[in-house]
1. What does the charge count around B:Glu156 come to, taking other residues whose C-beta lies under 9 Å from its C-beta (Lys +1, Arg +1, Asp -1, Glu -1)?
2. By DSSP, what percent of the beta bridges with both residues in chain A are antiparallel, rounded to the nearest 5?
3. For the protein assembly as shown, how big is Rg over Rh, using alpha carbon atoms and the Kirkwood form of Rh?
4. Over every pair of different alpha-carbon atoms in the range A:1-157, take the mean of 1/r and invert it; report that Kirkwood radius in Å.
5. Restricting to DSSP H runs of at least four residues, report the calculated mean residue ellipticity at 222 nm for chain B, -39500 (n - 2.57) per run over all residues, nearest 500 deg cm²/dmol.
6. What's the exposure ranking of B:Ser71, A:Ser31, going from fewest to most Cβ atoms within 10 Å?
7. Between B:Glu66 and A:Glu196, take the C-beta separation as r, use R0 = 35 Å, and let me know the FRET efficiency to the nearest 0.05.
8. With a point put 7 Å past each Cα toward its Cβ, work out how far A:Lys203 is from B:Ile155 in nm, to one decimal.
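Derivation of every value follows stated rules applied to the coordinates shown; laboratory data play no part. Values in this document were obtained by computation on a predicted structure and should not be read as measured data. For neighbour counting, all protein chains shown are included, and Cβ atoms are generated from backbone atoms with ideal geometry for every residue, glycine included.
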Amino acid sequence: MTHPNQKILIWPAGECNITIKSFCSPDDIASLSLKDTFVESSNYNPILSKKESLISASLQKDTNVTIAYTDERKIVGISILQYPSREERWVKIENRVMMEVSVIEVATKWRSKGISKKLFELLFEHPLKEYRIIYMVGYSWTWDVAGTDLSIIQYRNMLINLFSHFKFRIYLTNDPNVLLCPENLFMARIGANISEKVQMKFKWLRFNLDN
Amino acid sequence: MSQSTRYPKEVILKDHREIIMKPFEESDQDKLLEFYKNLPILLRWFLKEDPDDAIVIKKWIDNQKEGKAFSLIAFYEDRIVAHGTMLQRLFGGRRHVGRLRIMVAPDFRRLQLGTWMIFELLRRGMEMGLEKIRADFVVGLDDSAIEAFKKLDFIEEAVLRDYVKDEKGNYYNYKILIKQLHKELSDF
């Protein structure tokens with residue numbers, strides 16, 4: 001069944017049009033292919049290489065799986081907004097306030113065509129956007145800088161630019177994984193309807209403290 | 001890139017005090033001067049310049065304007081409690097080497113504030129295109145800072161014996177630590 005908030009956008013990316021669809025259902029995902037674009041053509045390990053993982057994510061409550069695909073139904077971009085897993089510190093803020101941009105990935109050949117920005121436009125058209133703190137964690141060792149002219153820090157700046165366009169800000173956290181490398185990144189967007197009390201909890205939780 | 005995406009940044013210290021970090025600006029001069037004036041002489045006699053002097057602080061501002069330095073300050077309420085700088089030469093064979101200097105108020109030491117400042121300045125060093133970061137210490141006075149820097153992969157490169165001398169005529173060894181910054185990850 002189609003999600004009531006599903007949006008579809010046609011984006012001219014070079015020689016062909018790309019369809020970008022939000023709140024993809026398991027049926028939507030099942031009809032698409034990751035094989036040529038993500039599995040067989042990559043010289044790196046994509047975060048997601050199995051459709052089952054996407055289908056599983058799409059079945060979770062409030063999760064937005066937004067996918068970019070070609071007319072041949074080949075997936076060229078994936079983004080996922082979902083609740084963090086139970087072992088993450090962020091679940092300590094009750095009522096599922098925190099949501100994570102857990103995946104943003106565009107297939108190698110399709111980069112620099114504005115697809116990630118379009119993916120985000122639909123990813124963040126979420127009915128709960130102003131009632132959630134949406135965050136992202138960037139681990140520099142997962143960034144696919146090979147094949148670009150970018151250094152790690154330039155790639156980081158590119159991510160900061162991309163996310164700040166959607167009103168994300170850099171926040172410090174003592175999350176040990178983030179602290180492993182100075183290049184790592186933690187950004188968040190605090191929804192307009194987040195109370196002062198919850199904002200305070202978020203601040204303290206970033207340093208693993210209870211207030 | 002917009003500075004508002006990056007600063008100010010909040011840090012909650014181990015003792016639950018909240019710190020705001022932001023780049024040093026001209027309007028902060030008086031407060032920075034006050035910070036250094038309040039530091040015990042024991043913590044600043046070995047510096048190359050006297051930060052107790054308004055002319056020195058003004059020179060730091062000028063260095064920043066000329067792109068030779070990036071300075072970060074940490075506020076607790078209305079008071080500056082730490083100051084860090086990444087210095088860069090704009091000419092010559094040491095352009096790729098940054099010099100990192102951090103000073104933390106005595107009542108804010110051992111709370112990881114210095115570590116947060118180092119992290120911020122290292123990132124800035126990477127953006128400045130630096131390849132190595134140098135930090136100098138007086139042995140016997142800066143021992144806890146030396147340990148903190150080593151935990152962040154600074155390597156001891158040299159010890160200059162009896163290199164600095166205090167007002168009483170005591171000599172101290174001077175230690176130089178270097179951190180290599182990497183533009184890319186290894187293929188391993």
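1. Cβ neighbours under 9 Å give a net charge of +1.
2. In chain A, DSSP labels about 90 percent of beta bridges as antiparallel.
3. Result for the protein assembly as shown is an Rg/Rh of 1.03.
4. Here the Kirkwood hydrodynamic radius works out to 16.2 Å.
5. Using -39500 (n - 2.57) per qualifying helix, the result is -8000 deg cm²/dmol.
6. If I rank by nearby Cβ atoms, fewest first, I get A:Ser31, B:Ser71.
7. After rounding, the FRET efficiency stands at 0.25.
8. Inter-label distance under the simple model: 4.1 nm.
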